[in-house]
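I have placed the structure first, in the form of structure tokens, so that the comments after it can refer back to it.
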Amino acid sequence: MGSVASSKDFMLQQAYNTAAIPEYEKNIKVAVSIIPFSKTTHKSFLNARSRQSSNVTIHYVDSLDSKPTYVHLKLSDQISIIEALNDQINKGVKDYLSLNPDAEVITGVSMAFNEPEIKRLTTAESVFLVETEPKVYALQLINENAAPQYIKFNQGVVFAYNSSNCCWQENKKHRINIIDLVGQYDNCPNRTYRSAHRAKKRINYYKL
């Protein structure tokens, strides 16, 4: 979550290849949802677990009413993400996004954890995506009057993802910037474009 990958590389929900890892100097707020497993999501989890190094075990019985749960994590502070992607520190990442129309930002993941991690996530007052070291992400759990706690992503199993496309626009200094992040089937705001090249070409055309 928070990384950049090509949509051509992750056609299967349970696997994708990271192409770029932005640096986030600010912690990014994460929304946490707890969702019961279904037969379909449990199958996706089993397929993903075989490809990841994790000891997560889920006991799922389709005939039982009580189902184990997983977490859906979503980056909820979109403004901070956009600011980070436009920052000079992420120039290489931004260049990659501008030159690769299939590149997308991973803005949400569905993950299975063992029960202790599920409990920590559900009881935390706030959850953030943070860098514990350069380009290494973790979840930071905040509770009042307590030291921050951390959950590493390799403690769980990612079995589904949500990705967002960049919307581009040229600013007054004739620099192409990311203005918005939208879902695969959503439109970019007026006068912004999914193609960085098209944004520059279209806006310069009107200035002639």
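The values are calculated or read from the model by the stated rules, or taken from the named source; none is laboratory data. Keep in mind it's a predicted model, so treat the numbers as computed, not measured. Because the Cβ atoms are built from the backbone with ideal geometry, glycine has one as well, and the counts that use them run over all protein chains shown. The accessibility values were calculated without ligands, DNA or RNA, using every heavy atom of the protein model including side chains. Shrake-Rupley method; radii C 1.70, N 1.55, O 1.52, S 1.80 Å.
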Output for Cβ contacts, cut-off 7 Å, separation at least six or different chains, first residue at negative phi in the range 35-52, second open to solvent by 60 Å² or more (accessible area, probe 1.4 Å), reads Lys39/Asp62; Ser44/Gln13
Picked from the range 37-75 (must be of a type in the set (A, V, I, L, M) and assigned to a loop (DSSP other than H, G, I, E, B)), the residue modelled with the lowest pLDDT is Leu64
Taking the range 56-78 and the residues there that are under 29 Å from Val105 (Cα atoms) and touching a Pro at 6+ places or on another chain (Cβ under 7 Å), the one that is least open to solvent (accessible area, probe 1.4 Å) would be Ile58
Going through the range 43-55 in order, the residues found to be over 19 Å from Asn162 (Cβ atoms) and open to solvent by less than 60 Å² (accessible area, probe 1.4 Å) are Ser54
Within the range 142-158, residues surrounded by 12 or more Cβ atoms within 10 Å (Cβ to Cβ) and either of a type in the set (Ser, Thr, Tyr) or more than 13 Å from the chain's Cα centre (by Cα) (or both) come out as Ile142, Asn143, Pro148, Gln149, Tyr150, Ile151, Lys152, Gln155, Gly156, Val157
Scanning the range 93-141 residue by residue, the ones that are without any contact (Cβ under 8 Å) to a residue 60 or more places away in the chain and open to solvent by less than 10 Å² (accessible area, probe 1.4 Å) total 4
